[in-house]
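Here the structure is laid out as structure tokens; the discussion comes afterwards.
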Amino acid sequence: MQSLDDMVIFGAVIDAGGFTAAAKQLGISTPVVSKRITALEKELGARLLFRSTRRLSLTEEGRIFYHHCRKVISVAHEAEAAVTYLNDTPRGLLRITAPVTFGSHQVAEAIPGFLDEYPEVSVEMDVSDRTVDLADEGYDIAIRLTREPPPLYVAKLLSTTHRVVCASPAYWQKFGKPKVPADLAAHQAIVYTPNPTYNHWIFEKNTEIETVEVKGRFNVNNTDAMLEAAIGGMGVIMLTSYTVDKAIASGQLEAVLEEYETPGANIYAMYLPTMYLSSKARAFIDYMKAWCQKK
């Protein structure tokens, strides 16, 4: 049976992308890492990695073994957390994943204060709009913006958002401001491509709900790009308040139809449903919830 240490080393090689980076992360020498992986392959009777001078890649057997390594390591960490749960001080590496815009701006803005408050914690953040499997990829927390969190995770509500319809002052001057939501159908919207339903803009007023399907000549898969395009006068956007607030405050964008309610996504911190959540993860969730409420 393979030792947990060998599984940890193998997992570190894959996560770090190479022997040298894994050795640095684990605090051991590169030759030791290489010898342990070679011995592991010999013991398993299977080749786990394709090696070249430029990169490493997993064999089919390696992918299967890595998948199970992540699970075993996660269970080991959970066992350790269970023992030290009551008196553990937040410490160690906290791995989080967050969507591009919210992660690059809001979470990145909050992290310095969190690290100041918890000097024994370090943070590794993956900024991506892709769906991340926390168990398979070894993340502690996923920050996600959604109306309904997926049932496989525990979801802690950090904050709610609303969406804001806005464009540059130059755009409004050229094309005129909409007086009612239906007027938006005649405007050039900046279209978000990953989720078609995002381009059905919902407005609520006096218990009545109105939906406007918007269209435009510029289609893009990133909200930061949408924001910059709107500031440049390319069209109208409807994005969450945290995304556009600074541009509106600076005069780069101007909001319209503010008398309507425009519900947005909720902001959640999600994690695997384990009995013992690590103290560093609990501390981060509590910190982010308090930080969001101040905004």
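The values are calculated or read from the model by the stated rules, or taken from the named source; none is laboratory data. Note that the coordinates shown come from a computational prediction; the quantities given were computed from them, not determined experimentally. Here the Cβ positions follow ideal geometry from the backbone for every residue, glycine too, while neighbour counts run over all protein chains shown. The accessibility values were calculated without ligands, DNA or RNA, using every heavy atom of the protein model including side chains. Shrake-Rupley method; radii C 1.70, N 1.55, O 1.52, S 1.80 Å.
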Failed criterion for Asn221 (all others in (1) closer than 26 Å to Asp129 by Cα; (2) open to solvent by 60 Å² or more (accessible area, probe 1.4 Å); (3) out of contact with any Pro (no Cβ under 8 Å at 6 or more places or on another chain) hold): (3)
Got at least one residue in segment 40-48 being within 33 Å of the chain's Cα centre (by Cα) and over 23 Å from Glu124 (Cβ atoms)? yes
Search segment 124-151 for residues being in contact with a Leu (Cβ under 8 Å, 6 or more places away or on another chain) and in contact (Cβ under 8 Å) with a residue 60 or more places away in the chain, and hand back the single one that is surrounded by the most Cβ atoms within 10 Å (Cβ to Cβ). Ile141
What about Leu93, is it under 21 Å from the mean Cα position of the chain (by Cα), surrounded by fewer than 18 Cβ atoms within 10 Å (Cβ to Cβ) and part of a helix (DSSP H, G or I)? no
Every listed condition ((1) under 30 Å from the mean Cα position of the chain (by Cα); (2) without any contact (Cβ under 8 Å) to a residue 40 or more places away in the chain; (3) open to solvent by less than 60 Å² (accessible area, probe 1.4 Å)) holds for Pro99 save (2)
Of everything in segment 175-189, what is without any contact (Cβ under 8 Å) to a residue 12 or more places away in the chain and open to solvent by 70 Å² or more (accessible area, probe 1.4 Å)? Give them in sequence order. Lys179, Ala186
What's the number of the condition Ile202 fails, among (1) in a strand (DSSP E or B); (2) closer than 23 Å to His105 by Cβ? (2)
